[in-house]
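Following: one structure in structure tokens, then a few remarks.
Rule-based calculations on the coordinates, nothing more; no lab input. In this text the structure is predicted, and so the values were computed from the model without any measurement. Cβ placement follows ideal geometry from the backbone for every residue including glycine, while neighbour counts extend to all protein chains displayed.
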Amino acid sequence: MLHLLKLEWLKIQKHSTTQILLILYVIALPTLLLAGKSFNDLPQEFINRNTFYMFPTVWQYLGYIGNWISFFVFGFIAVMLVTTEYQNRTMRQNIITGLQRREYFLSKVYFILAASLVGTLYYVICGLLFGLAHTETLSAAKMMQNTDLIPRYFLMLLSYMTFGLFIGTVIRKTGVSLFLYLAWAFFLERIVRYSFHQNIFPGKSIHFYPVNAASDLVPFNSPLNRMAEEYLEQNNFSLFLSPTEAVITSALYIAVFLFICYRLIQQRDL
Amino acid sequence: MSILQLHQLSKSYGRIKAVQDLSLTVNRGNIYGILGPNGSGKTTTLGIVLGILKNDSGNYEWFDGQYGNKALLKIGALLETPNFYPYLDAQRNLDIVAHIKKVKQPRIDELLKLVNLAHRRKSVFRSFSFGMKQRLAIAAAMIGDPEVLIFDEPTNGLDPQGIAEVRETILRIAQMGKTIIMASHILDEVEKVCTHAAIIKNGKLLASGTVGAIINQDMMVDLRSSNNHQLLRILKQHLNIRQIEEKQDLLSIQIADEIDPAKINQIAFENGIVLGHLNARKKSLEAEFLELTAKG
């Protein structure tokens, strides 16, 4: 496993787009949360502006910001992780050099696991620093509250990366894959859910889609989100998947996407 | 021990049969040329044995199966275009190859010197000329001192100097006692470098064996004298002539056995004919190749 991880590291260490995306993540995650300090007229619900930064709510707000950034940063990295190998024909060369197809697949899986882990670790560090600096009466219980978001945050990163890996492996072209990754998340999935699925099988099942499930792992269900309440009144089911539902759905999609990637990598001519 | 055995290998792309029932054996120490016109299935065959293409039927075995699915680690290959990470320098690209091959001390400096790229060690691959890329690929193929080297059209797209350099490199490697498998449509290349050859066309094997056996031993002799007619009559009495061709005053004959050209000169002189021109040559692989592929 370390052998394959090192291989990915050798490949990616000088890849400038990946570097830029990671730097973006490192800067944007705390900066966007700090931007909360500059809001002057906060809604009533935020009695204390510190709610963004203190335990236990910091996990939620930081997680929500991380959700947005990670969708781009980690998803794009995963897409390019495979498309560049196809476009430079280096995957083909790797196999000729003696890497087995199975090992190639595993090296990508190990890499997205490691990247998701590092991304989560950074989220934890930022969350701890904000929390420690802004919480007035610290207690272990307060610190631990909401930390179930941490493993879900990890699963969210892994979901986005697996989805990126899947699209990149199927499409093989960087530009088209990135476009499809964005288009699926912003339009196609919603069109499928609300224009087709809802008309045929109306009900909660319209939520069980890959990007929706992944983003519901760390949802923005704060007091600010009136839309969610209205949705619940109108539809008799929540706008969001419950954490358990989101975890199970995401895990299943991860398994399915990885399985398809594995089959394609095993069978395809290069 | 055989290095590579193909048993009735076949592969189609839709209706096009790229390789059909191809069987051949490459033994240790062979410099094995796979000859065929463009599109004859050479690259497809190599692609299958290198694991990047899936064959429809038949099978192949490296090293009599003794390394299992790790066989490719013992093989250095350059297939078609050189493929590297464009944003990494020469050194780092070779590091990756060494890492995959699990070579502890890859001696990359030495290899870069061998292919004349030591001065560009720190340049990114993107900035290389085609010839340099090709040479880097040869260096990559040699990492870990593999037992077998595979070159597919190694001189394709190179300028004359590049061609000379690559051929020289291959000959140098051959002298180290490696097994080399080389695909080419350039006959001259195969004739100069290889000990064994297989000729394929439309994915089918037309002939295989030692280069000597594939090329028949006939000799072509060009002659000129003041009386070609008389000369031919005399030579017919002494030699086994297969074919005669006359171009203006030049007489070309094909002789079935190898013969010392001095002998021809002697026969002519003893019969009172002075030769104005005498040129003996082996029938070229090119002529042989055209003959074979035309039949196929």
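A few remarks follow.
- Debye, to nearest 20: dipole size of the range A:141-270, +1 on Lys, Arg Cβ, -1 on Asp, Glu Cβ: 400 debye
- Note on the protein assembly as shown: with charges restricted to the Cβ of Lys and Arg (+1) and Asp and Glu (-1), its dipole about the Cα centre is near 340 debye.
- Rg(Cα) / (2.2 N^0.38 Å) computed for the range B:27-77, rounded to two decimals: 1.23
- Relative contact order [Cα under 8 Å, 6+ residues apart], the range B:67-224, whole percent: 22 percent
- Counting Cβ atoms of other protein chains within 10 Å of each Cβ in A:13-20 and taking the mean gives 2.
- Among B:Lys122, B:Lys178, the order by Cβ neighbours within 10 angstrom, fewest to most, reads B:Lys122, B:Lys178.
- Relative packing of B:43-55, B:8-20, B:261-273, A:157-169, which averages over residues the other C-beta atoms within 10 Å, highest first: A:157-169, B:43-55, B:8-20, B:261-273
- Average Cα contact separation per residue, chain A, under 8 Å, 6 or more apart, as relative contact order %: 25 percent
- Over the C-alpha trace of the range B:57-114, radius of gyration and Dmax come out as 14.2, 42 angstrom.
- Square roots of 5 times each gyration tensor eigenvalue, C-alpha, the protein assembly as shown, largest first, Å: 70, 24, 18
- Peptide B:139-145 - average C-beta neighbours from other chains (10 Å radius): 1
- Neighbourhood charge, 14 Å Cβ-Cβ cut-off, centred on A:Tyr262 and excluding it, Lys, Arg +1 and Asp, Glu -1: +4
- A cut-off of 5 Å between modelled amide H atoms, ignoring neighbours fewer than 5 places along the same chain, links B:Ile3 with B:Val26, B:Asn27, B:Arg28.
- Rounded if a/c under 1.5, otherwise prolate or oblate - the range A:103-184, Cα gyration tensor axes: prolate
- Degrees between helix A:2-12 axis and first principal axis of chain A (Cα, 0 to 90, nearest 10): 90 degrees
- Counting other Cβ atoms within 10 Å as a rough exposure proxy, the listed residues A:Val73, A:Val109 run A:Val109, A:Val73 from fewest neighbours to most.
- Residues B:His119, A:His15, A:His3, arranged from fewest to most other Cβ atoms within 10 angstrom of their Cβ, appear as B:His119, A:His3, A:His15.
- Cα-based Rg and Dmax for chain A, where Dmax is the largest Cα-Cα distance (Å): 20.0, 63
- Taking other residues whose beta carbon is less than 11 angstrom from the beta carbon of B:Gly203, and scoring Lys, Arg as +1 and Asp, Glu as -1, yields +4.
- Neighbouring Cβ atoms from other chains, within 10 Å of the Cβ of residues in B:48-55, number 4 on average.
- Relative to the longest principal axis of the Cα atoms of chain B, helix B:285-295 runs at roughly 90 degrees.
- Rounded to 10°, Cα long-axis angle of helix B:160-175 versus longest principal axis of chain B: 80 degrees
- Fraction of antiparallel bridges per DSSP, chain B only, in percent to nearest 5: 70 percent
- Helix-only CD estimate at 222 nm, as mean residue ellipticity for chain A, using -39500 (n - 2.57) per DSSP H run (n ≥ 4): -22500 deg cm²/dmol
- Overall Cα dimensions of the range A:136-191, principal axis frame, Å, largest first: 52, 23, 16
- Span from the the range B:9-84 Cα centroid across to the the range A:127-187 one, whole angstrom: 44 Å
- Normalised by the number of residues in chain B, the average gap of Cα pairs under 8 Å and 6 or more apart makes the relative contact order 20 percent.
- Prolate/oblate/rounded call for the range B:206-274, Cα gyration tensor, a/c under 1.5 rounded: prolate
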